[in-house]
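What follows draws every value from the coordinates through simple rules; no lab data is involved. This structure is a prediction, so every number in the text was calculated from the model and none was measured. Counting neighbours? That spans all protein chains shown, and the Cβs are built from the backbone with ideal geometry, glycine included.
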Amino acid sequence: MLDYQAPNDLLKEKVILVTGAGDGIGKQAALSYAACGATVILLGRTTKKLEAVYDQIESLGYPQAAIVPLNLDTAAEHDYIELANTIETEFGRLDGILHNASILGDRTPLANFEPSTFEQVMRVNVTAAFLLNQALIPLLQKAPKASIIFTTSSVGRKAKAYWGAYAVSKFATEAMMQLLADELENISNIRVNAINPGGTRTNMRAHAYPAEDPNTLKTPLDIMPLYLYLMGNDSADINGQSLDAQPK
Ligand code: NDP
């Protein structure tokens, strides 16, 4: 999918929520979606980073973005409902969600894994996406064609030693994607898929592989073709798939 060329108006008039939009892959996805005409809602925990992305979108002349500072570790059900109400009032529609925000947690054998860290990783990587979907699916259902994209990982398909809660959370992400895709298939216009970015030059990757030379890795921009393809209407018939943004 690395060769997909998105037309400049692929996401024209669409409103798209990106979680973890302040840095790494989420930041690039927000910029790339805006470049294709989307109004992007930038959700993240560090307002300063979100403001920098907002400013970049503005200076490039793309549709004006919106900022939603929200810590997915501490957010409660009512925060997601409030967000849904705000999106409905401000924009009157929602066409897509990119569930991108995640934390790595510790890379430790499960036998020694800190229980509070385990719960935190599951809250940010899994529960937050569950609550966000519950609050926002009614709005997505009103869009002519809507797309939910989860972010998985190779350790969400085949777990490897010491990947701990992160691997468990990515298996759960794959399950949530499959459940929603199956449940929504015949009753809505929402398709649900997952992207495995593959090794990508970000802070998370540098943290997981401190000895690796980042210059050997694809950049977030390199992997955008699949992110664009799955968010735009060209993928309208794709549902329930877990796809790789980079060739193996
Ligand atoms: P980064 O750590 O660079 O970015 C993660 C983003 O998520 C940041 O903007 C971060 O905010 C945000 N975030 C983290 N915790 C919270 C929280 N509690 N509330 C709100 N936002 C939060 O990671 P990547 O860009 O590398 O990863 C993006 C996705 O891709 C993740 O789902 C990751 O698991 C997946 N992935 C990445 C790979 C890679 O090689 N990079 C490989 C496989 C999968 P802040 O900047 O404020 O910390």
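Annotations
- Charge dipole (the chain, unit charges on Cβ, about Cα centre) - positive-most of L11, S32, A159: A159
- Charge dipole of the range 15-235 (Cα centre as origin; +1 on each Lys and Arg Cβ, -1 on each Asp and Glu Cβ, all else neutral): 520 debye, rounded to the nearest 20.
- For the range 25-40, putting each phi into the Karplus relation 6.51 cos²θ - 1.76 cosθ + 1.60 with θ = phi - 60° gives couplings of 5, x, 4, 5, 4, 4, 5, 5, 5, 5, 4, 9, x, 7, 8, 9 Hz, in residue order, rounded to whole numbers and with x for Gly and Pro.
- Loop GluC sites (Glu not before Pro), the range 1-77, which have at most 14 other Cβ atoms in a 10 Å radius of their Cβ (DSSP): E13
- The lysine pair tally for the range 1-145, using Cα distances under 18 Å and a gap of 8 or more places or different chains, is 7.
- Debye-formula intensities of the chain, expressed as log10 I(q)/I(0) at q = 0.17 Å⁻¹, are -1.38 (one equal scatterer per alpha-carbon, no solvent).
- Test item: Cα-centred dipole of the range 3-62, Lys/Arg +1 and Asp/Glu -1 on Cβ, debye: 220
- Pairs of Cα atoms nearer than 8 Å and 6+ residues apart set the relative contact order; for the range 136-209 it is 39 percent.
- 18 Å reach of a label modelled at N71, 7 Å along Cα-to-Cβ, counting backbone N of the range 24-45: 43-45
- Filtered trypsin sites (Lys or Arg not before Pro), the range 140-228: DSSP coil and at most 11 other beta carbons within 10 Å: K158, K160
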